[in-house]
1. Would you order 122, 226 from fewest to most other beta-carbon atoms within 10 Å of each residue's own beta-carbon?
2. Translational diffusion coefficient, Stokes-Einstein: compute it for the range 104-223 using the Kirkwood radius over C-alpha pairs as Rh, at 25 °C and 0.890 mPa s, and state it as an integer in µm² s⁻¹.
3. Please give the Cα centre distance for the range 232-250 versus the range 153-214, rounded to the nearest Å.
4. Among 86, 351, 277, rank each residue by its count of other Cβ atoms within 10 Å, from fewest to most, as a rough exposure measure.
5. Going by average Cβ neighbours within 10 Å, how do the peptides 101-110, 292-301, 231-240 rank, with the highest at the top?
6. For the range 201-280, what is the percent of antiparallel DSSP beta bridges, rounded to the nearest 5?
């Protein structure tokens with residue numbers, strides 16, 4: 001009996017072990033890339049017949065399957081492109097004997113916004129409200145579970161705009177309304193503006209030049225009704241106007257910093273509002289010009305960058321000096337020099353621009369000639385003159401009639417570059433250009449004479465040795481204090 005009882009137990013153990021190995025090697029329901037779709041179903045509301053949608057997705061019964069994961073990714077992408085939200089999906093292999101893939105989908109079509117209407121917003125324009133929304137006509141709404149949070153977010157965006165625009169008691173609701181078909185909706189934006197307030201009081205700290213009444217003129221408004229309301233969005237522009245006033249008074253680095261918090265500064269019971277303004281005046285800058293005989297001080301002051309940039313450090317002072325030098329060059333004073341010095345005395349920064357104007361040089365002639373040893377020009381003077389900006393001084397220029405007559409080194413360089421671009425457009429890709437200035441035409445091509453006489457500049461637009469263009473200008477003094485100049489451009493385009 002014992003021998004007979006051991007045999008079944010031993011066999012049972014062996015059989016159970018064999019069955020366990022078989023299960024580990026081949027699970028009966030594992031996804032092992034079946035060859036075809038055994039069954040598929042799509043539940044939920046669809047805009048097409050379920051059979052037609054499954055066929056489009058490649059899930060018709062018997063459809064080949066290369067890889068279940070790749071198929072699932074393609075199905076998700078196709079449903080999103082068709083405007084469906086996938087609420088539930090399963091891709092499972094069938095039983096080993098079925099040899100197929102079973103697919104279960106539950107979808108919901110996304111609702112699309114057709115129109116956005118705004119109500120209760122007058123005098124604020126509808127477009128001002130619509131611009132603050134992220135939802136536009138054609139936008140898809142999220143699933144129903146996520147929609148309330150999105151609509152609340154849209155309402156908050158509009159409310160933030162109303163607060164910045166001066167409607168501190170505003171309220172907004174965004175409502176979804178059906179529009180004919182289940183997948184079409186309209187958005188109604190219901191706006192309640194509430195009260196608006198005028199600025200009645202200003203508290204200023206750090207200001208010694210301007211008082212509260214002066215700042216009230218900048219930040220307050222004399223416009224009637226709601227047009228004169230306090231607007232947070234306008235405070236930065238008003239502060240800029242106050243800073244411009246400070247710069248005109250000699251404080252280029254002054255900063256005006258307004259601060260308004262409705263919870264702190266708005267008294268809804270009395271309708272009074274208080275604006276806090278902090279001012280950083282910094283040092284006062286006094287600017288003097290020494291040596292300017294031909295250009296008035298106002299014209300020079302308008303070119304100073306220290307008042308436009310709001311800084312008076314060494315870098316900005318040198319930039320202002322360069323702007324003055326460019327101004328003098330553009331008025332015919334090619335040899336002008338501008339130096340700047342600063343001195344601090346107490347709370348005042350004394351800045352002095354010392355100007356050596358030099359002689360006023362007028363363009364006497366403009367010539368276009370080929371380089372020495374190069375072939376003659378293929379373009380005539382009339383065509384080349386239309387390209388460059390340099391012009392001879394007009395005959396009636398002394399009484400303010402006519403244009404041109406002066407040239408700067410920068411303009412001469414730009415003219416050379418224009419000639420190169422023009423020649424290349426004509427089919428001369430290797431054209432080059434350079435420019436020269438001289439008081440005497442005999443000085444053209446003599447670098448030593450040019451350097452000692454007036455100035456010289458070379459503008460090369462290409463390094464090819466096949467072609468070159470040179471621009472030269474010469475000046476001859478007509479009187480000890482006033483002189484004229486001639487400009488010459490040499491060009492050799494080679495195909």
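Bear in mind that the values in this text are calculations on the coordinates, not laboratory data. Bear in mind that the values here come from a model prediction, so they are computed numbers and not experimental data. FYI the Cβ positions are ideal-geometry reconstructions off the backbone, even for glycines, and counts take in every protein chain you see.
1. 122, 226
2. Details: Rh = 17.1 Å.
Using the Kirkwood radius from Cα pairs, D works out to 143 µm²/s.
3. Answer, in whole Å: 24.
4. Working: 86 15, 351 19, 277 25.
In increasing order of surrounding Cβ atoms, one gets 86, 351, 277.
5. On the way: 101-110: 19.2, 292-301: 13.3, 231-240: 15.7.
So the order, starting with the most tightly packed, is 101-110, 231-240, 292-301.
6. On the way: 7 of 12 bridges.
Approximately 60 percent, going by the DSSP bridge assignments.
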